[in-house]
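Report on one structure; see the data block that follows.
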Amino acid sequence: MVRLAYEMRLVETGGTGIRLIYESCEKEAILAFMKLKPSISAQELADYLSTSRNTAIRKLNKLVASSQISKIGQGPAVRYKRH
């Protein structure tokens, strides 16, 4: 089954598919949450995902790096918004 998923290019290597699927779903959940508000803070996302603020910041920074969202401001007052 893993070999078939690999050959169909659904996963990069055996054992990574579930992680990739989870990350993709989580990214979509973050973007959907961001549709509800014009901008969000890392703490708001952390509360929404029931995770730590640092984890939320890491996830938001990945989306910033992939140009899916923008970072507004600096320091503790930083906000994030969709394009």
Quiz item: For the stretch 47-83, which residues satisfy the criterion of being part of a loop (DSSP other than H, G, I, E, B) and either touching a residue at least 24 places away in the same chain (Cβ under 8 Å) or of a type in the set (F, W, Y) (or both)?
Solution: Q68, V78
Exercise. Check S50 against each of (1) at positive phi; (2) at pLDDT 95 or above and name the one condition it does not meet.
Key: (2)
Quiz item: Considering only the stretch 33-46, how many residues are touching a residue at least 40 places away in the same chain (Cβ under 8 Å), assigned to a helix (DSSP H, G or I) and surrounded by 14 or more Cβ atoms within 10 Å (Cβ to Cβ)?
Solution: 1
Exercise. Specify the residue that is modelled with the lowest pLDDT; the eligible residues are those in the stretch 59-83 that are surrounded by fewer than 12 Cβ atoms within 10 Å (Cβ to Cβ) and out of contact with any Lys or Arg (no Cβ under 8 Å at 6 or more places or on another chain).
Key: P76
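The values are calculated or read from the model by the stated rules, or taken from the named source; none is laboratory data. Since the model is a prediction, treat every value here as computed from it, not as a measurement. In this analysis, Cβ positions are derived from the backbone assuming ideal geometry, glycine residues included, and neighbour counts consider all displayed protein chains.
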